[in-house]
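Take a look at the structure below.
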Amino acid sequence: MAERSTAAVDVAENSGDEPLTAKADQSTADGVAQNPERDTDNDEAQGSDGAAGPEKNASPPELHSGHKLARRYRLEECVTRLDGFSSWRAVDEKLRRAVGVHILPADHARARSVLAAARSSALLGDPRFVQVLDAVEENDLVYVVHEWLPDAIELTTLLSAGPLEPHDAYQMASQISSAMAAAHREGLAHLRLNPNAVLRASTGQWRIRGLAVNAALRGISSDTPQRTDTESIGALLYAALTQRWPYENDAYGLSGLPKHIGPIAPDQVRAGVHRGLSELAMRALVNNGATASRHEAPCTTPEELVKAIGEMPRIRPPEPAFTAPPEYQRTTYQQGTYGRPAPHPGAAQPLQAPPPPLQSRTGKALKWAVSALLIAALGLGSWQLADALMDQGNQSDTSNNQPTDEGDKSDENAKPATPLKIKGAQEFVAEGGAQHPGDVDKTYDGDTSTSWRTKTFQDGPPIAPYKPGVGIVYDLGSVKELSTASLGLRYAGDHTTVELYASDSLTPSSLDAMDKIGSVRTDGTNATVKLSKPVKTQYVLVWLTAVPHSGEDPTEYSGAGYKQAITEVKFTD
């Protein structure tokens, strides 16, 4: 991947008084892209907004379903064909998964910018964004491969059913703002942040697609990218609260505002809108120096928007609705009344007493059999008890005549294990890059909610051939006698392999320089390595050589794949 660059958003200049978000929404649909993984919406190109004049674009390449790129990506369905480029749903035959692909000719006027934007976005590696997986130029084509999330739902689709609940709108604004703040800290802007670019995953996490790439495909740039993206977040929140697009034109299946009346706060458009979110939307939407009617300071960057959201009272999710069970209704069938006429209303019916239990011939035989079994059991139990007491008396006599030291041995065997205190730790890297070296202290802080985690690998469970393994070296302070290591793990599944090594320092030179002292394999969230005999050492390496497959984890900001996280490590002598 190339170095991160801002070339992704510096292709053309936008001019004019109308906000960039509004301009981006003057679109026409081509009627093909209905899949929720459509990575670019079907707007017409905005080349007319640039100061450099119209671009001369090459004709789109002639591609078809079944065409294969790099002998790996098989094209399945064209979801967008626009302005010299096309977007496809494809299959990565090597990893057997669905992907999305943008394709344009290598001599297209924006091909260089698209490549730079894709490579910059891929370097960010933030799971809150739909990830760019590959960016290649070959055979006179430039293509960008990205994740395909079939279970995710576009905000456009969600809003077609009605406005979002206040808690959902709050979560969307919070997660989108923090994600864009992180992107801008790395010099990346979106500039096409609209309801088609925002997805809600099946886990409830909000994700953004097309970071930098969507703008590069259409030649969009901005002199104030942070303000542009902040205004877009305000428009998203406005639409989520009101089911209306906050400009005069209709867009994304939403009706625009009445013409010539200017910006109206969401709580003036629709009754019942959360007042705090309404004010927040206006602070982000009207951020060119003007303020809303209540005179709050505008938010001009995603960072300011994150701060404003943090100062709001937290909006809790709605309480689950309780449905009362239906009233019990007596059935028409009653014992002894089947086939008989219904009694006259008001007539008293005599209650029949139930027959005495076990009065039949079979019942009497059963009672005698049970009684005989009980008597036999009592007799056998009494005989065994007497025999045991006699044996115990004989053994006590023998023990009085022949004293032994078995009592001392049992006391030694019952000696409880002593925890060994961890004085420090450091991640050990045998090959390649580190995992998360800043989090190693979370594995012995006494808090199981914190953890050190590995990267996410595409294949597994064995980590090889990516790496021989990953792990942490622990310092016990001085040479101690080690018998057991216990690990708390975050992810269960098939399977985790843990190996234990004794090291002579906190920073060993290689894996071969250490002695392997134990290993264990587990499918659960706990792993205990018991040594065949105690080992004296000051430094212990906990080494993972296989990790299970686990789904997306929003709390750890990690995607689906083969991975593991250590929550707590304990050593005992």
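Assorted remarks:
- Across Glu165, Glu568, Glu76, Glu248, the residue with the most accessible area heads the list, and the full order at a 1.4 Å probe is Glu165, Glu248, Glu76, Glu568.
- Anisotropy class of segment 155-310 from Cα gyration tensor, a/c 1.5 cut: rounded
- Percent carbon-and-sulfur accessible area, segment 439-573, ignoring ligands, DNA and RNA, probe 1.4 Å: 46
- Computed accessible area, Arg74, all protein chains, 1.4 angstrom probe, square angstrom: 70
- Carbon/sulfur fraction of accessible area - segment 182-323, other protein chains in place, 1.4 Å, %: 49
- Under the criterion of Cα pairs below 8 Å and six or more residues apart, the relative contact order for segment 416-539 equals 28 percent.
- Note that segment 65-142 presents 40 Å² accessible area per residue, ligands and nucleic acids not counted, probe 1.4 Å.
- Net length available on complete extension from Ser478 to Ile153 is 111.5 nm, with 0.36 nm assigned per residue and the Cα-Cα distance removed.
- Where segment 437-573 is the region considered: accessible area per residue in Å², 1.4 Å probe: 44
- With a threshold of 21 Å on the Cα-Cα distance, the over-threshold entries among Lys480/Lys570; Lys423/Lys480; Lys442/Lys533 are Lys442/Lys533.
- Cα-based values for segment 493-551, radius of gyration first and Dmax second, are 12.7, 39 Å.
- The candidates Thr242, Thr301, arranged from most to least accessible area with a 1.4 Å probe in the full protein assembly, appear as Thr301, Thr242.
- Dipole magnitude (debye, nearest 20) for segment 461-544, charges at Cβ of Lys, Arg, Asp, Glu: 140
- Solvent-accessible area of Arg283 with every protein chain in place, 1.4 Å probe, in Å² to the nearest 10: 60
- Computed about the Cα centre, the dipole magnitude for segment 137-224 is approximately 260 debye when only Lys and Arg (+1) and Asp and Glu (-1) carry charge, each at its Cβ.
- Value of Rg/Rh across segment 414-502 [Cα atoms, Kirkwood radius]: 0.97
- The translational diffusion coefficient of segment 60-215, from Stokes-Einstein at 25 °C and 0.890 mPa s with a Kirkwood hydrodynamic radius over alpha carbon pairs, comes to 150 µm²/s.
- Lys/Arg +1, Asp/Glu -1 at C-beta; segment 207-280 dipole; positive extreme among Gln268, Ile220, Thr242: Thr242
- Pairwise inverse Cα distances across segment 106-185, averaged and inverted, put the Kirkwood hydrodynamic radius at 15.1 Å.
- Figure note: Tyr501, Tyr474, Tyr562 ranked by solvent-accessible area, largest first, 1.4 Å probe, ligands and nucleic acids not counted: Tyr562, Tyr501, Tyr474.
- Between Val498, Thr528, Val540, the Cα set farthest toward the positive side of the dipole of segment 488-541 (charges on each charged residue's Cβ, about the Cα centre) is that of Thr528.
The values are calculated or read from the model by the stated rules, or taken from the named source; none is laboratory data. Please read these numbers as outputs of a predicted model, since none were measured by experiment. All Cβ positions, glycine included, derive from the backbone under ideal geometry; neighbour counts span all protein chains shown. Side chains are part of the model used for accessible areas, which takes the heavy atoms of the whole protein and leaves out ligands, DNA and RNA. Shrake-Rupley method; radii C 1.70, N 1.55, O 1.52, S 1.80 Å.
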